[in-house]
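The values are calculated or read from the model by the stated rules, or taken from the named source; none is laboratory data. This one's a predicted model, so the numbers in the text were calculated from it and none came from an experiment. Here the Cβ positions follow ideal geometry from the backbone for every residue, glycine too, while neighbour counts run over all protein chains shown.
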C-alpha cells in the first residue's frame, strides 16, 4: 500500500473528529438558551462567535505563515487539544453570554489550525487526484459538523453537556492520530521565514483570484444555510403544527448528506474537470436558494425533507473543488498560507450572511429570507466564469 493510500483515511478520520467542535454549540443551543437564560437572538451571535474566532485564527496563521513554516501535524495536534479545552468551557455552570461567546470564539480560533491545515496536509501528499482527496476531506468536515446534531437527536434525554464532552474527546483523539501517524508529505515545500507580504501577493495571480472569489460566493451561502437548517424546519412545523419531525436528527441528515456530495463531486471532477463541476454545483445551489420559499407553501413533510436533502448535497459539493483550484493556482512554498487566507476571508463573509438572516427573521416574513443566500452564488458564478482555467480531467 502506498503512503498516500495509507495516510488518507487517517487524515479524513482526524478531520472528522476535530471538526465536530464546530457546531457543538448549535446542537445544544436550545439547552444553552435555557440553562443560561439567554435571548433567542443568541443563536446567531454564538454561531458567529465561532466564525469570528476562525477568522482571527486564520488571519494570525496566515500572517505568521504557520502552516508553511512548522510541522503541520504538530500544528494540527496543538490546535485540536486547545480547541477541545475551550469547547469544554461552555459546560461551566456560571457561564453568561460574554463567557459563552469567548469560549465559542476561542474554539473557532483553534479550528484555524485544523480545517485549512488538514487540507494543506492532504495537498502535501497528493498532486494528481487532489480534488477527489479533498472531496473525502471536506466530506469528513461535513460529517464532523453534523455529528453534534446526531448526538442530540439520538439522545434527546441525555444531558447536553455530554455532547460537549464527546466532541472535545473526539477532537483530542483526532489530533493525536494526525500527529502520531501522518508524517510530512512528499510534496511539502517548507518556507524558512515569515512572509508578511504573502497575504496580499497571492491575489496577484488572476486565476487564483477567480478561484478565491468563486469560493467566497459559495461561503456566503454555506454556513448560513447550515446554521439555519434547524430554524427552517422549526418554521415549517410552526406553519404545519400537525406534522412531527425530530429537528436535531433531520438537521444531522441534511448537513451530513453533504459529505456524500463532496465525494461524488470529487469523482465527477475527474471526468469533467474541477471548474466545470464546481460551477455546476454552485449553479444548482443558487437555484435552490431562489426556490426556497416553496418549501413553506407545500404543506408536505416529504417535499420539505427531499428539498433540504438535495440542497444539503449541492451546497457543499463545490467546496473541495474550490480548495483544489486555490491550491493548484498557489505558489508551492505558500500553499498553506494561501489556503488559510482564502478560508479567513471566506469565513469573514459568513458572518454577514448569518447576521443578515438573523436580522431579517424578525423583520420580514421568514419564508422569504433564504432567497438572500443566492447573492453569494451569483457573484461566485460570475467570478468563476471569467478567468479561471480548468484543471483537466484525468484520462
Exercise for review: Consider residue 144 carefully, then state whether it is crowded, with 20+ Cβ neighbours inside 10 Å, within 24 Å of residue 226 (Cα to Cα) and touching a residue at least 60 places away in the same chain (Cβ under 8 Å).
Suggested key: yes
Point to revise | Looking only at segment 74-99, and only at residues there that are farther than 22 Å from residue 17 by Cα and touching a residue at least 24 places away in the same chain (Cβ under 8 Å), the one that is nearest to the chain's Cα centre (by Cα) | key: 97
Exercise for review: State whether the residues of segment 113-132 include one that is touching a helix residue (DSSP H, G or I) at 6+ places or on another chain (Cβ under 8 Å), part of a loop (DSSP other than H, G, I, E, B) and buried (at least 24 other Cβ atoms within 10 Å of the Cβ).
Suggested key: yes
Revision key, fill the gap. Filtering segment 232-246 for residues that are assigned to a helix (DSSP H, G or I) and at pLDDT below 90 leaves a count of 0
Check your understanding: Within segment 140-157, is even one residue under 17 Å from residue 340 (Cα atoms) and in contact with a helix residue (DSSP H, G or I) (Cβ under 6 Å, 6 or more places away or on another chain)?
Key -> yes
Point to revise | Options 348, 303: the member that is at pLDDT 85 or above, over 21 Å from the mean Cα position of the chain (by Cα), part of a helix (DSSP H, G or I) and surrounded by fewer than 24 Cβ atoms within 10 Å (Cβ to Cβ) | key: 303
Review point. Checking residue 203 against (1) in a helix (DSSP H, G or I); (2) in contact with a helix residue (DSSP H, G or I) (Cβ under 7 Å, 6 or more places away or on another chain); (3) at pLDDT 75 or above, which test does it fail?
Key: (3)
Practice item. Determine whether residue 40 is closer than 19 Å to residue 151 by Cα and either surrounded by fewer than 24 Cβ atoms within 10 Å (Cβ to Cβ) or out of contact with any strand residue (DSSP E or B) (no Cβ under 6 Å at 6 or more places or on another chain) (or both). Key: no
Check your understanding: Of these, 353, 334, 323, 280, which one is modelled with pLDDT of 90 or more, surrounded by 22 or more Cβ atoms within 10 Å (Cβ to Cβ) and assigned to a helix (DSSP H, G or I)?
Key -> 353
Check your understanding: Which residues, counting only those in segment 9-37, are buried (at least 21 other Cβ atoms within 10 Å of the Cβ) and either more than 20 Å from residue 252 (Cβ to Cβ) or without any contact (Cβ under 8 Å) to a residue 12 or more places away in the chain (or both)?
Key -> 11, 14
